[in-house]
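A.B. asks: Shown below is the structure under consideration.
Any read-out appearing in this document is the output of simple, stated calculations on the displayed coordinates, not a laboratory observation. For clarity, every value in this text was computed on a predicted model and none was experimentally measured. Virtual Cβ from ideal backbone geometry, glycine too; neighbours counted across all protein chains shown.
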Amino acid sequence: MPTAQSETAENQALSVIGRPIPRVDGPLKVSGTATYTSDHNFPGMLYAVPVPSTIAKGTIAALDTSAAEKMPGVRAVFHRENIGRFFRVPPNDDFSIVIDENRPPFEDDTIRYYGQYVALTVADTLEQAQAAADAVKVTYDEETPDVRTKLTQEQEPKVGSQRGDATAAFNTAPIKVDQTYVTPAETHNPIELHATVAVWDGTRFTLYETTQSIKNHQLAVSAMLGVPPENVRIVSRFLGSGFGGKLWPWTHDVLTAAAARALNRPVKLVVDRKMMFQTVGHRPLTQQRIRLGATTNGKLVSTQHDSLNHSSILDDYDEGCAEATPHLYRCPNLRVTSGVVHLNVGTPTSMRGPGAVPGLFALESAMDELAVKLNIDPVELRLRNDTEIDEALNLPFTSRHLKECLTVGAEKFDWHQRTPAVGSMKKDGLIVGWGMAAATWIANRLDCEATIELKADGSVRVACGTQDIGTGTYTMLAQMVGEALGIDPDKIQVVLGDSALPTGPLSGGSMATASLVPAVLEAAKKASEKVQFAATAAGPFSGQSVANLIFSNGRIHRKDQSPSDGVPYEQVLQAAKVSSVSGSGSSKGDFTDALGITKPKLSSHSFGTQFVEVTWQPEIARLRVSRTLTVIDGGRIINPRTGRNQIEGAVVMGVGMALFEHTIYDDQHHGAPINSNLADYVVSTHADAPAMDVVFLDYPDTHLNAFGARGIGEIGLAGVAPAIASAVYHATGVRVRELPIRIEDLLG
Ligand code: MOS
């Protein structure tokens with residue numbers, strides 16, 4: 001298990017929290033010894049390959065498996081009539097079990113999206129299973145699929161937040177913006193493919209899974225398989241990211257488990273890259289109308305945000321585009337609505353910053369259009385509309401420093417040098433455009449349990465049933481425990497990724513770090529109290545009253561001693577002949593509102609600003625994002641190195657969102673997501689990455705937890721695309737309201 005790298009002398013001087021230590025699991029990853037899900041192999045293991053439908057709408061007329069079954073190495077071909085029974089996850093309002101695609105695989109013969117699994121081959125080798133999958137003959141009664149990209153309202157929109165009279169205030173406002181913004185379907189492309197390795201022992205399943213939530217996975221999969229949760233163990237030691245696509249189970253999970261049970265052999269299934277575009281979620285297409293009304297001096301008087309997003313035929317996935325709109329600015333009259341349009345596409349799911357990220361593309365683009373109309377600087381416009389309280393909830397914020405994000409960002413970016421006229425800035429013969437946007441994302445906590453064991457050999461083990469999606473949870477935990485106990489993080493072994501461990505939070509919604517703090521602090525306190533107690537039994541503190549002993553910096557000392565005269569805890573345990581002591585902590589996610597709906601007493605969010613420079617060469621139509629500055633108000637930063645890494649990764653992803661990413665459904669043929677590979681679905685590469693600067697304001701949010709840490713996995717993506725689109729407008733005079741921004745959009 002990971003341990004921390006040795007640190008520089010300079011770092012030693014800092015407290016453990018805030019120290020930029022390298023990832024504790026880095027050596028395992030770069031040496032290829034970290035076991036990802038598909039790295040698990042077992043004697044007698046078989047390989048499963050799904051058969052995807054080649055239409056997006058219709059019914060299966062005939063499924064002929066006879067040729068496939070006779071092929072070498074084939075153990076079984078499963079389909080609706082022989083897979084056995086799957087159960088639906090029961091509806092639950094409290095989000096205690098979440099699954100986005102609610103229909104179990106093979107439930108009926110109706111095809112509702114391209115790539116829907118219709119059969120599953122299982123064979124001795126991957127190649128045999130693939131060949132058999134190719135040999136399954138499926139005929140369909142095909143109907144014309146609906147994969148349109150212009151959405152029209154299907155039902156009455158759902159009203160989210162509302163205050164005042166937004167319509168009346170808009171109608172009488174002297175300055176108005178009324179525009180519609182579109183973000184395309186985007187597909188998660190983590191390097192690690194989704195995978196399941198299922199082991200059945202006759203009673204219990206052990207499922208090695210690519211999941212961002214081992215606990216939810218255990219509950220959902222056990223419900224679908226019809227076995228008690230205690231008979232399903234989920235293991236997910238390392239993840240090659242997920243971006244939200246791995247938050248909830250997908251249909252391949254239960255197919256693999258059912259195959260392992262039916263054949264009584266371990267079974268491995270890896271979802272291939274093409275299927276990653278079909279069956280494991282995506283960010284849906286959004287179409288958002290923003291209406292802003294303002295006074296002539298730039299004060300918002302009305303905000304309306306009406307969004308539609310596509311979903312699959314059977315599921316009501318609501319992207320929640322107005323997540324940020326009600327609390328970002330002061331505005332007396334506001335109304336936000338949402339609606340879902342059901343198409344022949346796979347079920348959408350959360351993708352990094354769901355809701356707020358596409359939502360802020362619309363809102364912040366509209367704010368830039370308002371600034372242009374008013375001839376007010378876009379930074380100044382945001383400053384004029386800053387709010388002290390969350391007007392949607394009528395609650396104060398736990399900690400909000402958006403104003404400082406704006407002023408610090410403007411200063412560091414040299415924003416005062418900006419001349420507002422389109423195309424007026426030049427550098428090295430290129431036209432330069434500068435744009436900016438504000439950003440916000442939820443800051444919440446979920447329930448968490450953790451255990452810390454202090455051992456007489458001087459090692460420390462912290463265990464929690466959460467997982468590390470790749471953001472640095474192993475490292476965060478080593479630092480939190482190190483800080484709590486005053487022990488060097490390289491002595492701390494972190495154990496994660498197993499549902500048999502004390503229940504931890506999901507790795508999503510930027511909530512894991514904040515959720516871990518209270519449970520870890522309580523566990524550390526309890527474990528250190530046990531050392532104090534052991535100290536009274538034997539050794540130098542024998543016979544002392546527990547109340548007279550203090551645990552600090554990994555040592556026990558008497559109240560009347562200086563801490564440096566204390567005895568290392570491992571010597572205390574050795575003297576008392578105690579091999580180890582352990583303490584457990586548990587905490588509730590009081591602040592949960594994104595998934596758990598508990599009303600908070602305070603409004604808790606992270607904030608930020610994005611400043612962007614683009615260069616534009618009209619002669620050859622070449623657009624580059626050349627420079628970015630991101631200022632983040634994300635609470636106290638536990639590790640500035642992994643923290644910066646999160647923001648830089650998000651900015652690079654934001655460049656992709658603004659300029660490249662776009663899942664295209666083939667509306668001329670069979671409704672397939674047609675650019676379903678990494679050549680045709682373009683994501684940012686190193687060559688597209690701008691020069692990036694990141695500033696953390698580092699104000700502890702102590703309402704959220706004692707360390708004041710929030711999560712920063714998603715805030716860095718918020719605001720990038722609108723800042724780029726505004727910079728493109730500044731450079732070219734073309735306002736692009738439909739992402740991605742294409743060269744064709746900019747040709748005059
Ligand atoms: Mo994130 S979309 O909550 O993994």
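A.B. asks: Count the DSSP beta bridges whose two residues both fall in the chain, then state the antiparallel fraction as a percent rounded to the nearest 5.
C.D. replies: 75 percent
A.B. asks: Sticking with this one: Assuming a ≥ b ≥ c are the square roots of the Cα gyration tensor eigenvalues, decide whether the chain counts as rounded (a/c under 1.5), prolate (otherwise, with a/b larger than b/c) or oblate.
C.D. replies: oblate
A.B. asks: So, one more: Give the relative contact order (percent, whole number) for the stretch 393-513; include only Cα pairs under 8 Å separated by 6+ residues. Spell out each step's value before the answer.
C.D. replies: Details: 139 pairs, mean separation 29.6, N = 121.
Rounded, it is 24 percent for the stretch 393-513.
A.B. asks: Note down the relative contact order for the chain as a percent, whole number, built from C-alpha pairs under 8 angstrom at least six residues apart.
C.D. replies: Averaging sequence separation for qualifying contacts and normalising by length gives 16 percent for the chain.
A.B. asks: Give me Glu738, Glu744, Glu143 ranked fewest to most by other Cβ atoms within 10 Å of their Cβ, as a rough exposure proxy.
C.D. replies: Placing the least packed residue first, the sequence is Glu744, Glu143, Glu738.
A.B. asks: Right, another one. So what are the ³J(HN,Hα) numbers for the stretch 695-706, from phi and the Karplus equation (6.51, -1.76, 1.60; θ = phi - 60°), rounded to whole Hz, Gly and Pro as x?
C.D. replies: After applying 6.51 cos²θ - 1.76 cosθ + 1.60, I find 10, 9, 5, 6, 7, x, 9, 6, 5, 7, 5, 5 Hz.
A.B. asks: Something else now. What does the helix-only formula give at 222 nm for the chain: each DSSP H stretch with n ≥ 4 adding -39500 (n - 2.57), the total divided by the residues, and the result rounded to the nearest 500 deg cm²/dmol?
C.D. replies: So the helix-based figure for the chain works out to -7000 deg cm²/dmol.
A.B. asks: May I pose another question? Straight-line reach from Lys577: which lysines fall under 22 Å, measuring Cα to Cα and dropping same-chain residues less than 8 apart?
C.D. replies: Within reach: Lys455, Lys491, Lys525, Lys526, Lys530.
A.B. asks: Among the lysines, select those whose C-alpha is under 19 Å from the C-alpha of Lys176, and discard any that sit fewer than 8 residues away in the same chain.
C.D. replies: Lys299, Lys373
A.B. asks: For the chain, with only Lys/Arg (+1) and Asp/Glu (-1) charged at the beta-carbon, what is the dipole magnitude about the Cα centre, in debye rounded to 20? Each step should come with its number before you reach the end.
C.D. replies: Numbers: 67 positive and 83 negative charges, 235 e Å.
In total the dipole reaches around 1120 debye.
A.B. asks: Could you give the spread of the C-alpha atoms of the stretch 441-498 along their three principal axes, from largest to smallest, in whole angstroms?
C.D. replies: The Cα atoms of the stretch 441-498 stretch 41, 23, 20 Å along their principal axes.
A.B. asks: Here's another thing I want to ask about it. Using the 10 angstrom Cβ neighbour count as an exposure proxy, how do Leu704, Leu430, Leu343 rank, fewest first?
C.D. replies: Ascending number of Cβ neighbours within 10 Å: Leu430, Leu343, Leu704.
A.B. asks: On full extension of the chain, what length is gained from Lys176 through Ile620, given 0.36 nm per residue of separation minus the C-alpha to C-alpha distance?
C.D. replies: 156.3 nm
A.B. asks: So, one more: Straight distance only, please: which lysines reach the Cα of Lys57 with their own Cα at less than 20 Å, same-chain residues fewer than 8 apart left out?
C.D. replies: Straight-line reach from Lys57, under 20 Å: Lys137, Lys150, Lys274.
A.B. asks: Another one. In a Debye calculation with equal point scatterers on the alpha-carbon sites of the stretch 257-409 and no solvent, what is log10 I(q)/I(0) at q = 0.11, 0.12, 0.13 Å⁻¹?
C.D. replies: -0.56, -0.64, -0.71
A.B. asks: Pairs of alpha-carbon atoms within less than 8 angstrom and 6+ residues apart define the contacts here; what relative contact order does the stretch 35-177 have, in percent?
C.D. replies: 39 percent
A.B. asks: Going by how many other Cβ atoms sit within 10 Å of their own, how do Met692, Met653 line up, fewest first?
C.D. replies: Numbers: Met692 19, Met653 24.
In order of increasing Cβ crowding within 10 Å: Met692, Met653.
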